[in-house]
Amino acid sequence: MQLYMDENGEFRRGPATNEELAAWAMAFQRKYFPGFDVPGMQIAIDVEESPRAPSVYYPEKKLIAISKHIMPFHELAKIALLHEMIHVKLYAENQDADEAHGARFQAEMNRLMETGAYSRLL
């Protein structure tokens with residue numbers, strides 16, 4: 001975690017880094033998606049000024065991209081990461097990431113809510 005001192009001499013967190021995203025993803029993988037892994041999965045900060053969305057999963061690239069615009073907000077970045085990890089899991093099951101956020105996506109979201117994945121984030 002990057003810390004900096006603001007103009008009032010108070011310590012503040014900087015935007016999350018790629019290393020933090022990777023660490024969060026590994027922790028979420030172990031805790032909320034045990035036994036499920038996608039070899040070669042990458043997670044990166046999307047540096048585009050006008051990204052497609054705050055976060056996106058690109059199945060063909062095995063890439064989760066989280067917009068740089070939400071990286072200063074660590075909890076929001078974690079929520080976006082969990083969201084995309086659902087798409088990854090669904091895609092691995094049957095090559096359908098459920099981009100429309102239908103019944104499969106909602107069931108997985110409910111499962112994460114029930115296991116407490118969002119309890120410290122919302």
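Only the coordinates and a few stated rules stand behind these numbers; no lab work does. Model, not experiment: these values are computed from the prediction. Backbone-built Cβ (ideal geometry, glycine too); neighbour counts: all protein chains shown.
Here is how the numbers come out for the structure above:
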{"item": "Scope the range 67-84; condition closer than 11 Å to Tyr57 by Cα and free of Cβ contacts under 8 Å to residues at least 40 places away in the same chain; matching residues", "result": "Ala80, His83, Glu84"}
{"item": "Failed criterion for Glu108 (all others in (1) farther than 20 Å from Glu19 by Cα; (2) under 13 Å from the mean Cα position of the chain (by Cα) hold)", "result": "(2)"}
{"item": "Any hit, the range 48-68, residues being within 12 Å of the chain's Cα centre (by Cα), among the hydrophobic types (A, V, I, L, M, F, W, C), surrounded by 18 or more Cβ atoms within 10 Å (Cβ to Cβ) and more than 17 Å from Val88 (Cα to Cα)", "result": "no"}
{"item": "Residues within the range 15-27 that are assigned to a loop (DSSP other than H, G, I, E, B) and crowded, with 18+ Cβ neighbours inside 10 Å, tallied", "result": "1"}
{"item": "Candidate set: the range 85-107, residues that are among the small types (Gly, Ala, Ser) and in contact (Cβ under 8 Å) with a residue 24 or more places away in the chain; chosen: the one surrounded by the most Cβ atoms within 10 Å (Cβ to Cβ)", "result": "Ala97"}
{"item": "Selection from the range 28-47 of residues that are surrounded by 13 or more Cβ atoms within 10 Å (Cβ to Cβ) and either of a type outside the set (S, T, N, Q) or touching a helix residue (DSSP H, G or I) at 6+ places or on another chain (Cβ under 7 Å) (or both)", "result": "Phe28, Tyr32, Phe33, Val38, Met41, Ile43, Ala44, Ile45, Asp46"}
